[in-house]
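Here's the structure, in structure tokens; my notes come after.
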Amino acid sequence: MSKQLHVISFDIPYPANYGGAIDVYYKLKALHENGIEIILHCFEYRGNHAPELEKICSKVYYYKRNTSVLSHLSVLPYTVYSRKKSKLLENLLKDNFPILFEGLMSCYYLNHPSLLNRIKLFREANIEQEYYRGLAKATDSFTRKIYYSLESLKFKAFEKNLESADVLVAISQSDRDELKSRFPHKPVEFIPGFHGNDSISCLPGQSDFLLYHANLSVPENELAAIYLCEKVFSKLSYKCILAGLKPTKRLEKISSAYPNIELIANPDETEMAGLIRNAQVHVLVTFQGTGLKLKLLNTLFAGRHVLVNQLMLEGSGLDSLCHIANQSEEQIELCNKLMLIPFNQTDIIEREKILFPQFSNKAQAKRLSELF
């Protein structure tokens with residue numbers, strides 16, 4: 001087993017305040033604690049350099065994305081081509097350590113001849129062609145609909161490059177099965193998402209509000225939030241909170257029409273953690289079943305009752321820990337019921353049985369280390 005590892009991240013994974021960044025950051029942290037020396041390569045597009053990463057990585061390289069119009073004209077997905085950086089390849093070739101590619105968007109150099117004899121792991125976060133197809137359906141913007149549809153088609157063609165990876169690491173059981181069917185000659189492992197929980201931190205008891213939290217700038221999440229506002233939360237007599245990054249003007253307008261709904265924009269890490277721990281009911285719905293929803297995993301470690309639709313659970317193996325309702329009428333009824341039921345120690349013990357060790361960062365870092 002190599003004790004050194006290159007990690008190519010699609011973003012600067014700190015602050016870890018949305019799903020993809022959470023998985024990468026806590027993976028780096030767990031690998032570091034497992035004795036792995038990490039050389040991190042990350043692309044800038046939402047924030048500044050993060051000194052916190054230098055505490056867990058031996059070296060951190062930052063690259064600027066090429067966001068010119070020409071990047072959109074490539075036959076490759078824009079999110080892949082814009083991460084083409086010769087300096088990245090040059091830095092990878094300074095040694096012979098294994099390389100972990102985080103998501104298809106970081107895979108421009110996956111099949112490069114210079115890396116032919118390197119151990120290369122691919123970490124899947126979504127089946128990208130399906131994810132972008134879902135985004136195209138979720139957005140009302142004609143321009144974005146065209147962009148997402150084109151990205152979906154480009155990712156479908158680009159996916160063949162995964163043949164150059166030695167191991168494919170899926171984030172959910174259903175994604176593992178799909179990757180196995182597409183790449184039958186490749187080893188495919190299921191390693192769930194990494195997260196910011198070393199133990200169950202749920203608070204026993206009861207409170208007076210429901211919560212939906214997500215990166216609200218993502219069309220899929222905005223669609224879910226609007227659905228909850230109009231079809232579920234507005235039908236309840238309890239306080240309901242939507243919390244997350246960059247809510248759109250559309251969501252602000254819709255949520256403000258209902259006196260029992262509060263929108264909290266861009267909460268910091270401490271505020272979000274408090275909301276998650278104190279909510280009586282977490283209502284998590286999605287209309288897109290790709291990947292493992294890290295907000296679900298984080299909520300099960302830190303929150304009280306969790307109400308989901310079936311798509312939110314797809315491939316997770318977490319069904320027994322959640323209350324499932326797929327139609328708005330069922331969701332309203334279940335919300336009203338759960339608001340009256342205190343969360344107790346028995347619920348916490350049940351979560352510990354299911355979440356450990358399969359969803360433990362420490363155990364999963366050890367498994368990942370063994371792959372390279």
Matching residues in region 304-339 - criterion: being over 18 Å from Leu203 (Cα atoms), charged (D, E, K, R) and assigned to a loop (DSSP other than H, G, I, E, B): Glu314
Enumeration of residues in region 340-359 that are within 25 Å of the chain's Cα centre (by Cα), part of a loop (DSSP other than H, G, I, E, B) and surrounded by 13 or more Cβ atoms within 10 Å (Cβ to Cβ): Phe356, Gln358, Phe359
Filter region 259-290 down to residues that are assigned to a loop (DSSP other than H, G, I, E, B), farther than 23 Å from Asn309 by Cα and in contact (Cβ under 8 Å) with a residue 24 or more places away in the chain, then give me how many there are. 1
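Could you look through region 310-334, keep only residues that are buried (at least 22 other Cβ atoms within 10 Å of the Cβ) and closer than 14 Å to Ala224 by Cβ, and pick out the one that is modelled with the lowest pLDDT?
Only one residue fits best here, namely Met312.
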Name the residues in region 134-193 that are assigned to a helix (DSSP H, G or I) and under 14 Å from Arg123 (Cβ atoms), would you? Leu162, Asp175, Arg176, Leu179
Among the residues of region 300-339, write down those that are among the acidic types (Asp, Glu) and under 25 Å from the mean Cα position of the chain (by Cα). Glu314, Asp319
Of all residues in region 119-146, count the ones that are more than 21 Å from the chain's Cα centre (by Cα), of a type outside the set (D, E, K, R) and at pLDDT 90 or above. 4
Could you give every pair whose Cβ atoms fall below 9 Å, whose first residue belongs to region 132-157 and is over 18 Å from Leu251 (Cα atoms) and in contact (Cβ under 8 Å) with a residue 40 or more places away in the chain, and whose second residue is among the aliphatic types (A, V, I, L, M) and not in a helix (DSSP H, G or I), counting only separations of at least 6 or pairs across chains? Lys154/Val75; Lys154/Leu76; Phe155/Ile127; Ala157/Val75; Ala157/Leu76
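The values are calculated or read from the model by the stated rules, or taken from the named source; none is laboratory data. On a predicted model such as this, the values are computed, not experimentally measured, just so you know. Methodologically, a virtual Cβ is constructed for each residue, glycine included, from the backbone with ideal geometry; neighbour enumeration extends over all protein chains shown.
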